[in-house]
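Report on the following structure.
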Amino acid sequence: MMEERVEVFFDTLRADVPEYIHLLEREALRDGVPVIRRATRDLLRYLLRVHRPAQVLEVGTAIGYSALFMKECLPETSRITTIEKVEMRLVRARENLKSYDAKGQIRLVEGDASDVLRSMAQNRERYDFIFMDAAKGQYLNFLPDIMSILGPGGILVSDNILHSCDILESRYAVTRRDRTIHGRMREYLYTITHMDELETICLSVGDGVAVSHRAASGISMK
Ligand code: SAH
Ligand code: MG
């Protein structure tokens, strides 16, 4: 397939990552933890290196792989807050952050993102880069709180928008649960591509990623 050849070619261009990132990637693949693809890693690296956000928020830590990778792309002064609710994942995340985040740049918040995001919004916390990588069916519910904590000029990256391309399939080829998740994802994508506050591009990188930029000023073309 054309895409596979492109992927192999891009693999040869990819900048090196620390050995522990490879180890964690292998652990995740072995245990079926749905971590970001390498192409998604490339995109995150690019965005983080260009924008150099001071405050990063991740929704969906899993074992800490993407949070640790993002840390590698940021200045030592930047901070990452990452949210996870599943105990089994938290056990590994705590260990991995302890081993590989020696400078304490990453803060792990344990709890359901719906509650955590709500209290962040109430406390008027501000983030200039948000990586949304949790349960796909919930992105739309998180959006109002995400919008109140995403600062002007901030970037929102939403992962897994193509759900392994299932979202494109006939409505009858997928289960009822998938239909609901896909419907919610389509609605989420429609919302972020049509909001005045955001400029959004949907990319078929990795498992599909939407990159949204919040205007720094009140100026909008829409
Ligand atoms: N970002 C990680 C992968 C995250 S997988 C990486 O690429 O390395 C998605 C994670 O989101 C799972 O571990 C799941 O437990 C968590 N999650 C899903 N819904 C959540 C919620 N409502 N609150 C907190 N965590 C959630
Ligand atoms: Mg993902």
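The values are calculated or read from the model by the stated rules, or taken from the named source; none is laboratory data. All values derive from a computational prediction rather than experimental measurement. So basically every Cβ, Gly included, is an ideal-geometry build from the backbone, and we count neighbours across all protein chains shown.
Quick notes
- Scanning region 110-142 for residues that are aliphatic (A, V, I, L, M) and within 16 Å of E84 (Cβ to Cβ) returns A113, V116, L117, M120, I130, M132, A134, A135.
- Verdict on I201 being crowded, with 18+ Cβ neighbours inside 10 Å and modelled with pLDDT of 95 or more: no
- Note on region 112-146: residues that are in contact with a Ser or Thr (Cβ under 9 Å, 6 or more places away or on another chain), farther than 22 Å from G206 by Cβ and among the small types (G, A, S) amount to 1.
- The set of residues from region 1-35 being part of a loop (DSSP other than H, G, I, E, B) and closer than 20 Å to R79 by Cβ comprises just one member, P18.
- Taking region 25-49 as the range and being within 12 Å of ligand 1 (Cβ to nearest atom) and either over 17 Å from the mean Cα position of the chain (by Cα) or not aliphatic (A, V, I, L, M) (or both) as the test, the residues that pass are E25, E27, L29, D31, G32, P34, R37, R38, T40, R41.
- The set of residues in region 1-21 that are within 26 Å of K136 (Cα to Cα) and under 19 Å from the mean Cα position of the chain (by Cα) contains only I21.
- For D145, the test of being acidic (D, E), under 22 Å from V86 (Cα atoms) and either away from ligand 1 (no atom under 13 Å from the Cβ) or without any contact (Cβ under 8 Å) to a residue 40 or more places away in the chain (or both) is passed.
- Residue list for region 37-75, restricted to those being surrounded by fewer than 23 Cβ atoms within 10 Å (Cβ to Cβ) and of a type in the set (S, T, Y): Y46
- Some residue of region 67-83 being touching a residue at least 60 places away in the same chain (Cβ under 8 Å) and either within 12 Å of the chain's Cα centre (by Cα) or within 15 Å of ligand 1 (Cβ to nearest atom) (or both): yes
- Pairs, first within 14 Å of ligand 1 (Cβ to nearest atom) in region 84-106, second polar (S, T, N, Q) and outside any loop (DSSP other than H, G, I, E, B), C-beta under 7 Å, six or more apart: I106/T82
- Residue match in region 84-100 (condition: within 14 Å of the chain's Cα centre (by Cα) and either crowded, with 17+ Cβ neighbours inside 10 Å or over 26 Å from M147 (Cβ atoms) (or both)): yes
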